[in-house]
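Every number here is computed from the coordinates shown, using simple stated rules; none is lab data. Here the structure is a predicted model, which means the values were calculated and not measured. Note that each Cβ is placed from the backbone with ideal geometry, even for glycine, and that neighbours are counted across all protein chains shown.
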Amino acid sequence: MAKPVKQTKKPINSKAVAAVTLAVLLVLTLAAAYVGVRGMNLDNQGLYKLLAWIPTPSHSSTWRQALVPGADLGENLVQTYAAAPVAEGGEVTEDLLKQTVSKMGRRLAFGGWNSAQAEVVEGNKIRLTLPNDGTHDHAFEMMAQRGDFAFAAPDGTPFLTWENVKAANYGLNPQDNSYAIGFQLDSAGKQIFADKTAELIGQSMQLMIDGTAVANPGINQALTEGMASLPGFNNENSVAYASMMQYGPLPLVLTLESSESGAPLFGANVQNTVIWALAAVVLLVSLYFLFTYRLGGLIAVWLMGIQLVAAYFLAALARSGFTVATLLAVWGSFGLLVYALLLLYRSMKSDLDRGRAIRQSVKDAYAGPGKVAIDVLAALLLLAVILIIVDHQQIGAFMRTFALGVLVDLVLMGIVIRILMGSAINLFGTNSALYTSGSKKREAA
Amino acid sequence: MSNVSIKSAPKALYLSLLVIAAGIAVALAGIGLKFLGSAREMVAFDALYIAMAVTVAITFIFGAIRYSLAVGITLGVVALHDQLLTLAVVALVSIALPQTVVMPVLVIFSIVFTYCQSWPVIRAMHELRTANSTREMDNEQIATAAVRQTAGLRLAAVIVAALLIVAGAVSGNAALVGALMPLAAGLIVSFYSSVCITPHLWVLSAARFGKRK
């Protein structure tokens, strides 16, 4: 009878696994940070490139193309318009000027230019302070048109106006890089549109702005759903026409008088100063964590680095621009990560000070204060998502960037910190003095 | 730290109500809620008020589902208090520091401070209540203990937030200082409410809606 073969299980070298895990994550973090600061050419000629996305004071960096500075923090375009009444013999009143500014503000916010400003100057003129992004100069002029939108029959007779539009939007069609305008009608508009498109099958209708046909979409079938999408626009006229559909015409007629460059609304050097000032805060917070929590602090600093790289990347991806609102979203989520780390580490330190083992302290910190951190982040993420759905203007636009930052925080606090902390404990040991300052003194006492 | 008392709850709210009333009064009178240039015309106040209502509703629902009805009510009322008080303080301070178009975003963002300040207090009270019988610790003792227990964390959170706000404020001109003022107001209001409002509200709502687990 043959002897049973003993199956010996090779013990996994936990230290080696931890070292490899930490090394891989460190390389990935440093590579992302390097590309974030320097950008990267994606082909030999540099025709396709990944733009830098982490703001630095360097003027040669490409981050300003990824996060286009808004009128508040970047050079801006100042356009001054003369205002005139719509009808002959009418007057330019203070009330009409206020209404025009309000509607222009809504149009600009609709286009995502939340930092842009409209104001009444010299009693009867309107000044627009716009981000000088170089790609929307014509769009700004178009948005200052009166913008009396209507759908008309081929003979030019209007059959539907902006008053029947419930919501309008615009978007890129990635297949041909053109833009489309989408709209949704109210119940009365839905019926009119269904009847008229049924009548015009095989013909085309006209999209009229201030009495001029700007597009002639063909009609192949009756559109009875009360919504449609019109293709064939570009990045400038799509946003202008969609904003006119959404908000209707300006109460005054504006004529461009002058257009010039201007300093950022919040000061000439604000862009670089804010980058340095925020970097100083990161340094202070990092030093606090390093001195107080030592190896744990180093992991906290690492997580903060990942957070900033990822949050800025997502902000650039969402085309948020470099504005006060974007900085609030990115640095607000950074502050939340610091808060979550404080919750966790303070509990861990308190346990270590009472003589508990590091593994148990970390476990209890996750189970107690860690849950508060996750609760706060989860509630904020839920709130941000709801506000994105509810608000299509400034608050919703801000919440898009903020939600991405909070999502990064949740991933870091829910997964990454456990991996980093677990690996660090496996690799460097469980000596309490490694994870909190003052342990040796307390032990000696 | 003063002892928490059910009787003192209305007193703590008097100051808030007074400031809120003053904020509404100066805004209606046209003295307060001042904006730079014509920025006021660009601000969608209806969107701000809807967002504030959504914030309060989501806070209540999350607290009620995650913890209990008492916690949900406490968090919801604190969120309402903080949002209104922040807006009122902004209305008053804007007389000296006019606001910009970004004001609604900053007022809504102040809910982050409310969560960071009040949530640990509520969680601590909830845990102390679960761990102790009413004979060992009554609700008022629990509230006092929770405020004291979380003081260090809340102060550290205030310092980090204040550092970030100051870093932003010193980077630009006076308009930027004014623009960031709602954040400073939100931070102060949230710290105040976590000490003076949240524990009282929890004591009241736990007595009325809470059940021993």
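May I have the convex hull volume per residue, in Å³, for the Cα set of the stretch A:268-434?
Spelled out: Cα convex hull of the stretch A:268-434, divided by residues, is 101 Å³.
From the phi of every residue in the stretch B:98-103, what ³J(HN,Hα) in whole Hz does the Karplus formula 6.51 cos²θ - 1.76 cosθ + 1.60 yield, where θ is phi - 60° and glycine or proline is x?
So the J values, rounded to whole Hz, are x, 8, 10, 5, 7, 3.
If each residue of separation counts as 0.36 nm, what is the full-extension length gain between A:Ala153 and A:Leu298 once their alpha-carbon separation is subtracted?
On the way: separation 145, 0.36 × 145 = 52.20 nm, distance 6.83 nm.
Separation in residues times 0.36 nm, less the Cα-Cα distance, equals 45.4 nm.
Roughly speaking, what is the stretch gain from A:Gln360 to A:Ala433, that is 0.36 nm per residue apart minus the C-alpha to C-alpha distance, in nm to one decimal?
24.8 nm
Determine, for A:Met399, B:Met52, the number of other Cβ atoms within 10 Å of each Cβ, and report the residues in order from fewest to most.
Details: A:Met399 28, B:Met52 21.
By the 10 Å Cβ count, ascending: B:Met52, A:Met399.
What percent do you get for the relative contact order of the stretch B:87-189 when only Cα pairs under 8 Å and 6+ apart count?
On the way: 74 pairs, mean separation 50.8, N = 103.
Once divided by the residue count of the stretch B:87-189, the mean separation gives 49 percent.
Taking the Cβ of each residue in A:Phe110, A:Phe402 as the centre, tally the other Cβ atoms inside 10 Å and list the residues starting with the fewest.
Details: A:Phe110 23, A:Phe402 32.
Taking fewest neighbouring Cβ atoms as first place, the list is A:Phe110, A:Phe402.
With N set to the residue count of chain A, report its C-alpha Rg divided by 2.2 N^0.38 Å to two decimal places. Write down the numbers at each step before the final one.
Details: Rg = 28.8 Å, N = 445, 2.2 N^0.38 = 22.3 Å.
Dividing the Cα Rg of chain A by 2.2 N^0.38 Å gives 1.29.
What do you get for the angle between helix A:235-247 and the principal long axis of chain A? Use alpha-carbon atoms, 0 to 90 degrees, nearest ten.
70
In nm, to one decimal, how far is the modelled label at A:Gln99 from the one at A:Gln221, with both set 7 Å along Cα→Cβ?
4.1
Against the longest principal axis of chain B, how steep is helix B:45-66, in degrees 0 to 90 to the nearest 10, with axes from Cα atoms?
That works out to roughly 20 degrees.
At 7 Å along Cα-to-Cβ for each site, give me the label-to-label distance between B:Ile65 and A:Asn234 in nm.
4.7
Which ³J(HN,Hα) values, rounded to whole Hz and listed in residue order, are derived for the stretch A:374-382 from phi using the Karplus coefficients 6.51, -1.76 and 1.60 in 6.51 cos²θ - 1.76 cosθ + 1.60 with θ = phi - 60°, glycine and proline given as x?
Each residue's phi maps through the Karplus curve to give 5, 4, 4, 5, 5, 5, 5, 5, 4 Hz.
Of A:Gly232, B:Val107, A:Gly189, which is farthest on the positive side of the dipole of the protein assembly as shown, counting Cα position, with +1 on Lys and Arg Cβ, -1 on Asp and Glu Cβ, and the Cα centre as origin?
It is B:Val107, whose Cα lies furthest towards the positive end.
Nearest 20 debye, what's the magnitude of the dipole of the stretch B:1-127 about its Cα centre given +1 on Lys and Arg Cβ and -1 on Asp and Glu Cβ? It would help to have the intermediate numbers written out before the result.
Values: 6 positive and 4 negative charges, 48 e Å.
It comes to approximately 240 debye.
Using the alpha-carbon atoms, what tilt in degrees (0 to 90, nearest 10) does helix A:417-428 show relative to the longest principal axis of chain A?
30
On each of the three principal axes of the Cα atoms of the stretch A:76-262, give max minus min coordinate, whole Å, ordered largest first.
For the stretch A:76-262, the Cα spread along each principal axis is 51, 43, 25 Å.
Tell me which residues come under 5 Å, amide H to amide H, from A:Leu160 once H is placed; ignore anything under 5 positions away on its chain.
It is A:Phe151, by chain and number.
Are there any trypsin sites (Lys or Arg not before Pro) in the stretch A:136-234 that are in a DSSP loop and have at most 14 other Cβ atoms within 10 Å? List them by number. Before the final figure, lay out the partial values.
Values: sites: A:Arg146, A:Lys166, A:Lys190, A:Lys196; in loops: A:Arg146.
In loop regions of the stretch A:136-234 (DSSP not H, G, I, E or B), there are no sparsely surrounded trypsin sites (Lys or Arg not before Pro).
Only helical DSSP H runs with n ≥ 4 go in: add -39500 (n - 2.57) per run for chain A, normalise by residue count and round the 222 nm mean residue ellipticity to 500 deg cm²/dmol.
After summing the helix terms and dividing by residue count, I get -17000 deg cm²/dmol.
Can you tell me the equivalent ellipsoid semi-axes for chain B? Use √(5λ) from the Cα gyration tensor, largest first, whole Å.
Working through the eigenvalues yields semi-axes of 33, 17, 15 Å.
At 7 Å along Cα-to-Cβ for each site, give me the label-to-label distance between A:Ala84 and A:Ser259 in nm.
So the label points at A:Ala84 and A:Ser259 sit 1.9 nm apart.
Where both partners of a DSSP beta bridge lie in the protein assembly as shown, what percent of those bridges are antiparallel, to the nearest 5?
95
Before anything else, pin down the relative contact order of chain A: Cα pairs under 8 Å, at least 6 apart, normalised by residue count, whole percent.
Relative contact order for chain A comes out at 19 percent.
How much net charge surrounds A:Asn272 when only other residues with a Cβ under 14 Å from its Cβ are counted (Lys, Arg +1; Asp, Glu -1)?
0
With n ≥ 4 as the cut-off for DSSP H runs, can you work out [θ] at 222 nm for chain B, using -39500 (n - 2.57) per run divided by the number of residues, rounded to the nearest 500?
Taking each H run of at least 4 residues, the total per residue is -26500 deg cm²/dmol.
Please state the relative contact order of chain B as a whole percent: Cα pairs under 8 Å, 6+ residues apart?
Result for chain B is 32 percent.
Starting from the amide H of A:Lys166, placed 1.01 Å from N in the peptide plane, find each other amide H under 5 Å away whose residue is 5 or more places distant or on another chain.
Correct list: A:Gln184, A:Leu185, A:Asp186.
If you plug each phi of the stretch B:70-85 into the Karplus form 6.51 cos²θ - 1.76 cosθ + 1.60 with θ = phi - 60°, what whole-Hz ³J(HN,Hα) values come out, in order, with x for Gly and Pro?
4, 5, x, 5, 4, 4, x, 5, 5, 4, 4, 4, 5, 5, 5, 5
If we count other beta carbons within 10 Å of each Cβ, what is the order of B:Asp138, A:Asp351, fewest first? Show your work: numbers first, answer last.
Values: B:Asp138 14, A:Asp351 21.
Ranking B:Asp138, A:Asp351 by Cβ neighbours within 10 Å, fewest first, gives B:Asp138, A:Asp351.
Using a 10 angstrom cutoff on alpha carbons, build the Gaussian network for chain A and name the most mobile of A:Val86, A:Val385, A:Val338.
A:Val86
Quick one: which residues, 5+ away or cross-chain, put their amide H under 5 Å from the amide H of A:Phe322? H built at 1.01 Å from N.
Amide H to amide H, under 5 Å and 5 or more residues apart or across chains, A:Phe322 pairs with A:Val68, A:Gly70.
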